[in-house]
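These notes are about the structure you will find just below.
The values are calculated or read from the model by the stated rules, or taken from the named source; none is laboratory data. Computed from a prediction, not measured in an experiment: that's the story for all the values here. Here Cβ is always computed from backbone atoms with ideal geometry, including for glycine, and neighbour counts include all displayed protein chains.
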Amino acid sequence: MYEYMRALQRQFFREPDFREPRRELHELHRELAENRPKDERRKLLKLVDLEAELRDEISLASFVAGFHLAWGIIGELNIEPPYSFAEEEERRMGQLPNLRGDD
């Protein structure tokens, strides 16, 4: 299922263009990597890679959550009679019988 969602995300999501923050990030990375021992550069690269991987996974999870929300909204719109928050609150407070037959 996640592979399908990943394909949908690739099709519909367009990452915003953040040129200035990306330039600053690149510059900071370069400054941190200069004149560092090889083992520290490896750790820094690993840190950057893990951060990018985490960002991608969070982005996908957010996309999936939005998809589920949209799917739930579509489901609610197809219920007869349509969902009414006011009726739900009145029903919850015991003022209306359950007209939807959800019980």
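At-a-glance table
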read-out: Qualifying residues in region 7-49 (those that are of a type in the set (A, V, I, L, M) and under 26 Å from the mean Cα position of the chain (by Cα)) - the one surrounded by the fewest Cβ atoms within 10 Å (Cβ to Cβ); value: ALA7
read-out: Filter pass, ASN78 being of a type in the set (S, T, N, Q), farther than 27 Å from ARG14 by Cβ and within 29 Å of the chain's Cα centre (by Cα); value: yes
read-out: Of all residues making up region 18-71, the number that are within 28 Å of GLU3 (Cα to Cα) and of a type in the set (S, T, N, Q); value: 2
read-out: Failed item, numbered, when VAL64 is tested on (1) modelled with pLDDT under 85; (2) in contact with a helix residue (DSSP H, G or I) (Cβ under 6 Å, 6 or more places away or on another chain); value: (1)
read-out: Pair list, Cβ under 9 Å, 6 or more apart: region 74-86 residue surrounded by fewer than 10 Cβ atoms within 10 Å (Cβ to Cβ), other residue in a helix (DSSP H, G or I); value: PRO81/GLU87
